[in-house]
1. Once R0 is set to 25 Å, what does the formula 1/(1 + (r/R0)^6) return for the Cβ-Cβ distance between Gln613 and Thr559, expressed as a FRET efficiency to the nearest 0.05?
2. Ranked highest first by average number of other Cβ atoms within 10 Å, how do 391-401, 95-105 line up?
3. Looking at the range 251-350, I'd like the Rg to Rh ratio, where Rg is from alpha-carbon atoms and Rh is Kirkwood's inverse mean 1/r.
4. With +1 on the Cβ of every Lys and Arg and -1 on the Cβ of every Asp and Glu, and nothing else charged, how large is the dipole of the chain about its Cα centre, in debye rounded to the nearest 20?
5. Cα centroid distance between the range 108-186 and the range 292-342, in Å?
6. Work out from phi, with θ = phi - 60° and the Karplus expression 6.51 cos²θ - 1.76 cosθ + 1.60, the ³J(HN,Hα) of each residue of the range 183-198, listed in order in whole Hz, and give x for Gly and Pro.
7. Please compute the modelled spin-label separation between Leu649 and Val440, points set 7 Å along Cα→Cβ, answer in nm with one decimal.
8. How far apart, in nm, are two points set 7 Å out from the Cα along the Cα-to-Cβ line at Phe361 and at Lys552?
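Values quoted throughout were computed directly from the atomic coordinates according to the rules given, and no laboratory measurement underlies them. Because the structure is a prediction, the values reported are computed rather than measured. Note that each Cβ is placed from the backbone with ideal geometry, even for glycine, and that neighbours are counted across all protein chains shown.
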Amino acid sequence: MSKDRKVDGNSKNKQLEQFRVDDRGKKMTTNQGLKISEDEFSLKSGVRGPTLMEDFHFREKMTHFDHERIPERIVHARGYGAHGEFELYESMEKYTKAKFLQKPGSKTPVFVRYSTVAGSKGSAETVRDVRGFATKFYTEEGNYDLVGNNIPVFFIQDAMKFPDLIHAVKPEPHNEIPQAASAHDTFWDFVANNQETAHMIMWHLSDRTIPRSFRMMEGFGVHTFRFVNENGNGHFVKFHWKPKLGVHSLVWDEAQKINGKDPDFHRKDLYKAIENGDYPEFEFGVQIIDEEDEFKFDFDILDPTKIWPEEDVPVKIIGKMTLNRNVDNVFAETEQVAFHPGSVVPGIDFTNDPLLQGRLFSYTDTQLIRLGGPNFHELPINRPVCPFHNNQRDGYSRQTINKGPVSYHNNSLASNTPETSREDEGGYVHYQEKVEGRKVRARSDSFLDHFSQATLFWNSMSTSEKEHIIDAFSFELGKCKEKSIQQQVVDMFANVNLEMAQQVAANLGITAPEHGGSSVTKSSPALSQENTRKNPDTRKVAVLITDGYSGKEVHSILTDLDSKGLQPEIVSDKLGMVTGTEGIQVEAQHTFLTADSVLFDAVYVATGDASNQKFFEKASYFVQEAFSHFKPIGATHDGVKILQENNLLNRLGVVSGDTPEIFLNEFIEAISDHRHWDRDVI
Ligand code: HDE
């Protein structure tokens, strides 16, 4: 897609167009519009003399540069965004009067920002961490922000503890180590001493926190929100995003290596998919509970450490979001976007979830300092697409020029305008929930069961997913220096599953807990990634090839992979053209120096000249590593020899053979499976 994007019917895109500037082909000026004659040398008294104070051009250029940075987000600093649209499949009229959820087929512009939580703005992307999944819907009734995560529960139950949680997970203050990692003492000390973290920790140590791609993650609103319909009736609601490509993850060893090989792995993946026209799609789902059923469950539906199991409360798919446009400028859009769970539209309201209630305060507060004052709603990315008028005035960097003398309400000079709207005119009216009680600093007893759903999650995992959780526990705690912390955590998680805790204890060489376990036997198949959608679309296949390969046959396999939506990329021992038999050529995009198996979903070994020993060695290392990460591997013609020599022939997820159609079908099926976990890997 070109940078000179056409303005389409998308109202947000149309609005942004007014602010886009293309400097190409223009004369250079100062910010005052003065044409500049010289931009390399400061103004001096003599060619070897001192710089003069009157050099306004130098001063302006340097001053602006000196102020280019703004504070990074205290959490979710490392993020990447894209524009798109939301299309409604099914009217939610019965439950909510939100206009963007009324008419099937209606489209709403959106902006999404994905992020990691703990790392700084420049940290690597495939770290073990929760991912933010924040969506701004630019609706005709104002901006609605669904500021969610890729995990449906949270570490704590009350916003009061958020600063403690974040202090514990961020680098330790005495030495600023480690960056973007939860594998350190203070985080695990927090976990052991705040046992409401148990359920979230099970998710945190699962494959969910090392996603293959932002395009392959679920998203969750986490809290219970409220839908309110035209008649004023309320329903509890939870929000879900379900990726069309399914939910897929990396393996831990691979994730760590990617952080070195390509710290931009996730943003690059998203950016390229959109540039290629492979627009990421997420279906939007709601779980709805009637108000009279509030107390029917064996957990409190307002507790943000609890899910509503999908088998008990089905997720109704009501629409789809498509991300179809990269930003023009990451700072202007992705960095300056300001999300707020309190940005709602009529028909969507809050509940008393104490985590949500605290968030309603925090976001504006942090944005006031991060974006330098109260006018950040005027930044192009944050502006609603509908008109906005009120009596708020002035402040740093005010852009709106409000005319006239009146900036107060009530008034007679402007006929008491801007005027408020009645509910039937679209005025936002809070849901009139009845509340009464004593002022207390306390937690409801209904929030006290910290382990049942942690066990539900464990029970729902496949064998390999369970192994990954045990490995993750052993890694994270293995990085802690304090034995007492390791012991406290293992003892705590004996409440989730005794055997799991015992295995972790054995790996850590500490005392295995003898008592524990849980009476929960229930499981929720929807929680296992094993049951996710399988889809080979956009999977990256490394094609290992050198001169002398079987020209026609390999070429036709590459063409077929491409036409079936996969992305074969040629890796060879040198860049440039690689020549096969019959003089057929392909261009190598990568060498073994610039590419690595961890950056691909699958490997196709096409090989070539068998006497090329250097190629043979590099290719062997490549496939061995891919095999150890459970990736699908395919080989035809001379490539089969490499698999043979490496003892990989006929292993699970390894496909070989010279009959093109059979090979291709089997290979693509192996790629759809994502990883072959039952493979015998040491
Ligand atoms: Fe946030 N969170 N959060 N959070 N959060 C921020 O706001 C906060 C929580 C989430 O891409 C901050 O503008 C508190 C849950 C996302 O710009 C800050 C609590 C969920 C993003 C803040 C939570 C989230 C943020 C930092 C506990 C999932 C990135 C910068 C009560 C439902 C948005 C900013 C973006 C960002 C506070 C817990 C999601 C400090 C106090 C639960 C996706 O205001």
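1. With R0 = 25 Å, the Cβ-Cβ based efficiency is 0.25.
2. 95-105, 391-401
3. For the range 251-350, the value is 1.07.
4. Its charge dipole is roughly 1880 debye.
5. The range 108-186 and the range 292-342 have Cα centres separated by 14 Å.
6. Each residue of the range 183-198 in turn: 7, 7, 4, 5, 5, 6, 5, 4, 4, 5, 9, 9, 6, 5, 6, 3 Hz.
7. Distance between the two pseudo-spin positions: 7.2 nm.
8. My value for the distance between the label points is 7.5 nm.
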